[in-house]
1. So which of Thr44, Thr98, Thr57, Thr94 ends up being β-branched (Val, Ile, Thr), in contact with a strand residue (DSSP E or B) (Cβ under 9 Å, 6 or more places away or on another chain) and surrounded by fewer than 15 Cβ atoms within 10 Å (Cβ to Cβ)?
2. Working carefully through the options Ser17, Ser22, find the one that is closer than 29 Å to Lys178 by Cα and surrounded by 11 or more Cβ atoms within 10 Å (Cβ to Cβ).
3. Within segment 111-140, take every residue that is exposed (fewer than 12 other Cβ atoms within 10 Å of the Cβ) and out of contact with any helix residue (DSSP H, G or I) (no Cβ under 9 Å at 6 or more places or on another chain) and give me the one that is modelled with the highest pLDDT.
4. In segment 18-77, how many residues are among the acidic types (Asp, Glu), part of a loop (DSSP other than H, G, I, E, B) and in the same structural domain as Ile175 (by TED's automatic domain parsing)?
5. Mind checking which residues of segment 84-120 are within 16 Å of the chain's Cα centre (by Cα) and aliphatic (A, V, I, L, M)?
Amino acid sequence: MGRLIYLTVTRPDIAFSVRTLSQYIQDPRKQGLILSSENNLTLTTYCDSNWRGCHTTRRSVSGYCIFLGSYIISWKSKKQKNVSRSSAEAEYRTMANTCLEIVWLRYLLHDLKVSCNLPAQLFCDNQATLHITANPIFHERIKHIEIECHIVREKLQAGIISPSYVPTQYQLADIFTKALGKEQFFTL
């Protein structure tokens, strides 16, 4: 709540909502997600990066969103710690971090007695990244992302993820990596 209150200094449009939320701080109640009984309980994930997205540091910006059926349950937008040499490397780093989030969510769902046996569909709009994922042979050109390769391939072989291509215009995680034009923003 403190962060939200701080935001009202520069975002007066959220002041009413923040005030409404803050009146319940002293009397918290149990909260949870209400899911439709017709909801499909499979994980669907979109991951993307904006290569060299930060103009100051040239570090890429990663983003992902994860859906449980039709409900978004996890999302992230974060500048990567290292400068990437290519868009494929930036995307692969994002894919590896997304895999770790999927694993954590599967454990959480298991603890909540939600069956999640099918692999999570993992949508990516970078063909080179998907090729690296499918190719079990390490090449000299990707040895600097070897750890990420092991993470993604391990999750693929364990049946935790199922990577697929999605065209950029349908890449939902694009909204987490860069400012978009009005039309594309509203489409996503």
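The values are calculated or read from the model by the stated rules, or taken from the named source; none is laboratory data. Because the structure is a prediction, the values reported are computed rather than measured. Every residue, glycine among them, receives a Cβ derived from its backbone with ideal geometry; neighbour counts consider all protein chains shown.
1. None of the others qualify; the one that does is Thr57.
2. Numbers: Ser22 fails: closer than 29 Å to Lys178 by Cα.
When all the criteria are applied, what remains is Ser17.
3. Keep residues of segment 111-140 that are exposed (fewer than 12 other Cβ atoms within 10 Å of the Cβ), which gives 111-113, 115, 117, 127, 131, 134, 136-137, 139-140.
Then keep just the ones that are out of contact with any helix residue (DSSP H, G or I) (no Cβ under 9 Å at 6 or more places or on another chain); that gives 111-113, 117, 137, 140.
Details: Asp111: 90, Leu112: 85, Lys113: 86, Asn117: 83, Ile137: 65, Glu140: 49.
Top of the filtered list is Asp111.
4. So the answer is 1.
5. Ala90, Met95, Ala96, Leu100, Ile102, Val103, Leu105, Ala120
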